[in-house]
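See structure below.
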Amino acid sequence: MDRHRSLRMTLLLAAGAAGCSSAKSRDIAVVTLAEPQATADDAGAADDPAAPAPRPQRSAGWVKEADGTVHRASPVRCDATIAQRACAGTERSFQCKTDADCTEGPRGKCVSSFGQIGPYCGCEYACETDAECGPSEVCVCKGTGALREEHSVCAKALCAVDADCPGSTCGLSAYFNGCWEQVTLACRTKDDACQSDADCAPDANPGVACVVPDIEGESARWECAGISCAIGRPLVVEGAARAAPRAARDDWRAPAALDVASLPPEVRERAAAHYAAVAALEHASIASFARFSLQLLALGAPAALVGEAHRAALDELEHARLAYDIASRLAGRAIGPGPLLEAATAPVGAGVAEVVEALVEEGCVGETLGAAEGRELSRIAADPALAAALARIAADEERHAALSWRALSWMLATFGEPARAAAERAFSRAAARFAADPAPGLLAHEALGLLAAPALGALRREVLAEVVAPCRAALPGLSRDSAPAAPSSLPRGASA
């Protein structure tokens, strides 16, 4: 299943290009399965120490093993119902208006959805049998655990059933990289780096799982892989991000009932330093949006864009308050912002090229990445209060990213070649900037929203390729250069 789909659709709609599609295949989901029934089929497997661990087979359907792995003994007929309500015709934006417009897959239905820019109509596809799917695809039913699709879908299949994998099984891989999920069927082999999630040290590396991250070609290798990234809209002055120093004050806190009692002191202190830095950047984002609203006014922007910029500044104020409260609770002392002198002295910079370049790097790219990160962190955060705060921030960042793409579309249409050239330069710089992993942070602890540098870099590249590149290509006049390709896997032990 394409986890980037809803974020990409939001931004494509914001840019006025909802008809564009992803570079990935259709959304994918999987089914929760019956318990296995052992047979004698694997009796000889234990004689070969290099072979995959024996896995009991059964005559039909999907099998879920005791170690949590899932494999396919035979095809299964799925319920192809798409329960989402049909497009009403009163939505704000349209990828489709009737089911007849949905022709990219089987059983297309034009459904009504709601994104950060409001209600829109989009296509969903389902299947009943493998015959309805494309070459090298199988039909996978709805209903497995954390997988989010609410109907059956077609999935990439390097094998279709266990019989295609002599001496092994045709395993089901659900690779969640932070924002989207790639679901694949592939044989288990002796060359695999892992046999189950337990091989990936899930206690030390939350979110890392045994999956097939690379599906290019006719074979695939099971490896430990995971995700993530951390970015927002900074206040950039003379090429550097600026932020207020810390101050001992508690009037910049929005209550979040975070439970920190069980954390070791050294973990709390490092996590507090991380969230204090996050809070300072969110605090600086208030100034960044204030400057952006002035730039929009100077360029003669529509009232709607100016209004959204002011609303975004208020969102960032709440983000800063949430992050300062989290930092204060972790540190056991009040932490707030000192004076941000650059907010008063930074030049507005209202030239078209300057505004466009900042908008692309800080908004179209930066806040798109920030929205993707927030989604992942809200999913994996162990504390409910922390998860709720991160989910709030993620939803706001997605809306801010949509504002950036909408503003860029207006600037390209209004100012022509100067805006186009500036956008091309900025997209190229952003792609180069995020091609490499960031520097390691103070602490990697996914349950606290502190992600390892390789995971941050991996998610950045994924989002550049799967969201930013398609949205960039959809804007009239811009090149269709691709973002850097995502890595096929992450190093083992990439988290704390």
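What follows draws every value from the coordinates through simple rules; no lab data is involved. Since we're looking at a predicted model, the values are computed, not measured. Cβ: placed from backbone, ideal geometry, glycine included. Neighbour counts: every protein chain shown.
Taking the beta-carbon count within 10 Å as an exposure proxy, list Thr90, Thr10, Thr103, Thr69 from fewest neighbours to most.
Thr90, Thr103, Thr69, Thr10
With N set to the number of residues, divide the alpha-carbon radius of gyration of the stretch 235-474 by 2.2 N^0.38 Å and report two decimals.
The reported ratio for this selection is 1.01.
Output the pairs from Lys64/Lys142; Lys64/Lys109; Lys142/Lys190 with a Cα-Cα distance over 26 Å in this structure; if there are none, say none.
The pairs that break the limit, which is 26 Å between Cα atoms, are Lys64/Lys109; Lys142/Lys190.
Looking at the stretch 282-341, which trypsin sites (Lys or Arg not before Pro) are in a loop (DSSP not H, G, I, E or B) and have at most 11 other Cβ atoms within 10 Å?
Within the stretch 282-341, the qualifying trypsin sites (Lys or Arg not before Pro) (loop, at most 11 other Cβ atoms within 10 Å) are Arg333.
Using the 10 angstrom Cβ neighbour count as an exposure proxy, how do Ile326, Ile393 rank, fewest first? Don't skip to the end; give the middle numbers.
Details: Ile326 30, Ile393 26.
In increasing order of surrounding Cβ atoms, one gets Ile393, Ile326.
Could you put Cys364, Cys96 in order, starting from the residue whose Cβ has the fewest other Cβ atoms within 10 Å?
Result, fewest neighbours first: Cys96, Cys364.
Give the distance, in whole Å, between the Cα centre of the stretch 402-418 and the Cα centre of the stretch 349-382.
16
Indicate the gyration tensor shape class of the stretch 294-365 (rounded, prolate or oblate), computed on the Cα atoms with a ≥ b ≥ c the square roots of the eigenvalues: a/c under 1.5 is rounded; otherwise a/b larger than b/c is prolate and the rest oblate.
prolate
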